[in-house]
1. How much net charge surrounds G26 when only other residues with a Cβ under 14 Å from its Cβ are counted (Lys, Arg +1; Asp, Glu -1)?
2. Rank-order 37-44, 16-23 by packing density, defined as the average count of other C-beta atoms within 10 Å over each peptide's residues, highest first.
3. Report, in debye and to the nearest 20, how large the dipole of the chain comes out about its Cα centre when Lys and Arg carry +1 and Asp and Glu carry -1 on their Cβ.
4. Quote the convex hull volume per residue of the chain, based on C-alpha atoms, as a whole number of Å³.
Amino acid sequence: MALALAALAKTLGSERRAQRFVDLTGIGTDELRRRASDPTLLAALLRFLEAYEPDLVSVAEELGVEPLELVEARRQLEEGTT
C-alpha cells in the first residue's frame, strides 16, 4: 500500500495528471483526502496510470521503481494482499 500511496502523491503533485485523474473519475478533493488510504481508490489510481503508459512510466521513474512494480501493487490491492 505504501507504493500506491506514493504513486497517489506523485499523481496529485503533477497538475496535469491530477486534473486528468479528477476529470476521469469525478472524485473531488475532499473525497480524495477522506479515501487516500482506501485500497479500492488506490487500485483505481494505479489502473488510471496503467491506462496511459507515459504517466505510468513517469510516476515509476519519479518513485525510482519499475513500472511493473506499480502494476503488481495494483494487483495486490485488488486481491487484498497488501
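Bear in mind these aren't lab numbers, they're just calculated from the coordinates by the rules spelled out. Every value quoted in this text rests on a predicted model; they were computed, and no experiment measured them. Quick reminder, even Gly has a Cβ in these numbers, built from the backbone with ideal geometry, and neighbours come from all protein chains shown.
1. Values: positive: R20, R35; negative: D23, D30, E31.
Here the charged neighbours net out to -1.
2. Values: 37-44: 16.5, 16-23: 14.2.
Ranking the peptides 37-44, 16-23 by packing returns 37-44, 16-23.
3. That gives a dipole near 280 debye.
4. Per residue, the Cα convex hull of the chain comes to 77 Å³.
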